[in-house]
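Here is the structure we will look at.
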Amino acid sequence: MAHGTQMRGHLCGIQTAWTDAVDALGAVAAVAGAVDRSVVGHLIVFFSPAYDAETLTAALAAQFPGVGLTGCSTSGGISPAGSIDRGLVAIAFPRQGFRIVSGLLTDIARLDVEGAASTVRGLRRTLDGGRPDGGSGHRFALSLIDSLANAEETVVSAVAWALDGIPLIGGSAGDDLAFRSTVLIHEGQVCREAAVILLVETDFPIRIFKSDNFEPTNRKFVVTAAREDERRVTELNAEPAAREYAMAVGLDPENLSTMSFAAYPLAVKIGGEYYCRSISRVEPDGSMTFFCAIGEGVVLTLAQPRDIVEATRAELESLDASLGGLDLVIGFDCVFRRLDAESRQVRHRIADLYRRYGVVGFETYGEQYRSMHLNQTFTGIAIGRAETPERRDAKIPT
């Protein structure tokens, strides 16, 4: 859907801006002209893979000198005005009320776990030293990860360990379901096979969240052959993987598509709770590649969808109530949720909810939540409205 260029100012001081400009230079110029750059301390951008990443990054650095800059390519943007199939979404954090530090993990397919943990601990020390009055605020961590490196599980595990209780949420970069090249931006550099980690401390109330819309059935599959390093399952129940899956859902193996995978997800049970393990594609040999690591012996459960609109509405209403009103939600929404919503012709209703509650973010190839890498979920950080002195005084009995 077309938006032109729009901007919204939030009570916490964050400015969100979005544009569907057709080229990178035009998109950056539009966003730079929409926000008050004098107050920006850090800028996060989510952008279409149709843009040239090097051109985009250079233009952002020129328009926002001295501002921290991070971002990634997407399979669709989410703005407070609705979804953006092609374009640029920007979240401009003010220097006042937010303290942000960021780091880059490189060569994540061969991640040095101790080195990654050391980087995160260094970010924590920097954040500790940057407190203006020695006090503490509410903290969370954001991760942006190159999904095509197939390393999210290792990255998230190492980062969560080093965060020592600071909650982590985030998303895996996308490229409009092409699965050819996903891109990250960190401090004026274009990065691949990397992960960007941000630590944020804010004076405003926050909640992290995870929402899904599926429930398990009684149909089980045992992974009897797999190449875990490739996230590829060759056999389910000792049968060719794609054929066994297709038979279970009543489809022709030759006609399996991303829509099929979105409508009939598989899940794994961990600690009494089910988590999606979405299929990325069927390979020519009949094996199936997943968005998450899958090992031999894992039991997968066929899941069936619940009402995606009502599940999303319930999550956002709960966050709104717990925070005493939502100011902004930074969300990471699986691209398969969009495909499922499109197939059920309810995407416009999801967009209405995102507009109502001020959701901004992108459609991902995977979501991070605490120490886990997930699929087919909606995760994020909700920022509430700060309690003003007037509201506090109103609660004092006279």
Which residues, counting only those in region 289-311, are open to solvent by less than 10 Å² (accessible area, probe 1.4 Å), farther than 21 Å from Leu177 by Cα and in a strand (DSSP E or B)?
-> Leu300, Thr301, Ala303
With the first residue restricted to region 194-218 and required to be over 21 Å from Glu152 (Cα atoms), and the second required to be open to solvent by 20 Å² or more (accessible area, probe 1.4 Å) and β-branched (Val, Ile, Thr), Cβ contacts under 8 Å at 6 or more apart or on different chains are Glu201/Ile100
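Which one is nearest to Val298 (Cα to Cα), of the residues in region 183-220 that are acidic (Asp, Glu) and outside any strand (DSSP E or B)?
Asp212
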Subset of region 337-366 that is assigned to a loop (DSSP other than H, G, I, E, B) and out of contact with any Leu (no Cβ under 6 Å at 6 or more places or on another chain) - its residue that is modelled with the lowest pLDDT | Arg344
Look at region 43-82 and say how many of its residues are open to solvent by 10 Å² or more (accessible area, probe 1.4 Å), at pLDDT 95 or above and under 17 Å from His10 (Cβ atoms).
-> 0
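Can you tell me which of Pro216, Pro265 is in contact with a Ser or Thr (Cβ under 7 Å, 6 or more places away or on another chain) and closer than 18 Å to Ser343 by Cβ?
Numbers: Pro216 fails: closer than 18 Å to Ser343 by Cβ.
Going through Pro216, Pro265 in turn, the sole match is Pro265.
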From (1) more than 17 Å from the chain's Cα centre (by Cα); (2) modelled with pLDDT of 95 or more; (3) open to solvent by 10 Å² or more (accessible area, probe 1.4 Å), pick out the condition that doesn't hold for Asp133.
-> (2)
Any residue at all in region 19-38 that is in contact with a strand residue (DSSP E or B) (Cβ under 9 Å, 6 or more places away or on another chain), among the hydrophobic types (A, V, I, L, M, F, W, C), surrounded by 17 or more Cβ atoms within 10 Å (Cβ to Cβ) and part of a strand (DSSP E or B)?
-> no
Checking Ile185 against (1) more than 15 Å from Leu104 (Cα to Cα); (2) open to solvent by less than 30 Å² (accessible area, probe 1.4 Å), the condition it does not meet = (1)
Filtering strands (runs of 3 or more DSSP E) wholly in region 44-131 for at least 2 residues that are closer than 18 Å to Val159 by Cβ gives 68-73, 98-106
Single residue of region 272-288 satisfying the filter (open to solvent by less than 10 Å² (accessible area, probe 1.4 Å) and closer than 16 Å to Ala262 by Cβ) that is farthest from the chain's Cα centre (by Cα) | Met288
Top-ranked residue of region 228-257 - restricted to ones that are at pLDDT below 95 and more than 25 Å from Asp340 (Cβ to Cβ), ranked as surrounded by the fewest Cβ atoms within 10 Å (Cβ to Cβ) = Asp229
Selection from region 274-288 of residues that are in a strand (DSSP E or B) and under 19 Å from Asp212 (Cβ atoms) = Tyr274, Tyr275, Cys276, Ile279, Ser280
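The values are calculated or read from the model by the stated rules, or taken from the named source; none is laboratory data. Since we're looking at a predicted model, the values are computed, not measured. Here the Cβ is made from the backbone with ideal geometry for all residues, glycine too, and neighbour counts use every protein chain on show. Note: accessible area is taken over every heavy atom of the protein model, side chains too, but ligands, DNA and RNA are not part of it. Shrake-Rupley method; radii C 1.70, N 1.55, O 1.52, S 1.80 Å.
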